[in-house]
Amino acid sequence: MEFNKKYGIPIVIFFVFFMFYKPVICCLMMGMLALIYAVNSIFFLNNISKNGIGITGKIVSYESDNEGYKTPVIEFKTAEETLITGKPSFHTSSDLDKFRSYRGNIDKPIKIVYDPKNPEKFILKDNSNGCGLIFLIIIGLIFTYISIGNLMGYNNIF
């Protein structure tokens, strides 16, 4: 999922303002952003599973982020013979990914599903993305519930 920068700056400005004025609004904003991201991801995964084209690609390498989680870099050819190399649009990693070495998976075939309208957006076919989405929804609901309860006077956490 891409983050639209035109919304990012106002969100950061409001977040910083409410950090000093009423911090519970920051909690509400974080919960709502998590829920919006999760719903957007669910719609994306639903759309790509219904309209996507399944194909076999190969793992070229793995990229690690700042925390050590590894994401595969996949190379595949579309039905139009366009060569695409990139990371999956939606991928969840586990803590085991920090310690595992995936050198044995390089150049191995992997099933993917890509969006025919935008082939750069693809997912791994057999990867379970549900756990990450469920966790994100739970966190978003907790933050939203706590902040709305606080704003309505039911709890006094902040």
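Remarks
- Search result, residues across the stretch 11-69 that are part of a strand (DSSP E or B) and in contact with a helix residue (DSSP H, G or I) (Cβ under 9 Å, 6 or more places away or on another chain): I59, Y62, S64
- So I142, is it among the hydrophobic types (A, V, I, L, M, F, W, C), surrounded by 15 or more Cβ atoms within 10 Å (Cβ to Cβ) and in contact with a helix residue (DSSP H, G or I) (Cβ under 9 Å, 6 or more places away or on another chain): no
- Annotation: L136 fulfils all but one of (1) at positive phi; (2) at pLDDT 90 or above; the unmet one is (1).
- Matching residues, the stretch 37-68, being out of contact with any strand residue (DSSP E or B) (no Cβ under 9 Å at 6 or more places or on another chain) and free of Cβ contacts under 8 Å to residues at least 12 places away in the same chain: V39, F43, N46, K50, N66
- Selection of first residues in the stretch 85-98 that are more than 13 Å from D65 (Cα to Cα) and of second residues that are modelled with pLDDT under 60, restricted to Cβ pairs under 9 Å at least 6 apart or on distinct chains, gives the following pairs, ordered by first then second residue: S89/M1; S89/E2; F90/M1.
- Test set (1) of a type outside the set (D, E); (2) at pLDDT 85 or above; (3) in contact with a helix residue (DSSP H, G or I) (Cβ under 7 Å, 6 or more places away or on another chain) - P88 fails condition number: (3)
The values are calculated or read from the model by the stated rules, or taken from the named source; none is laboratory data. Quantities reported herein were computed from a predicted structural model and do not represent experimental measurements. Here Cβ is always computed from backbone atoms with ideal geometry, including for glycine, and neighbour counts include all displayed protein chains.
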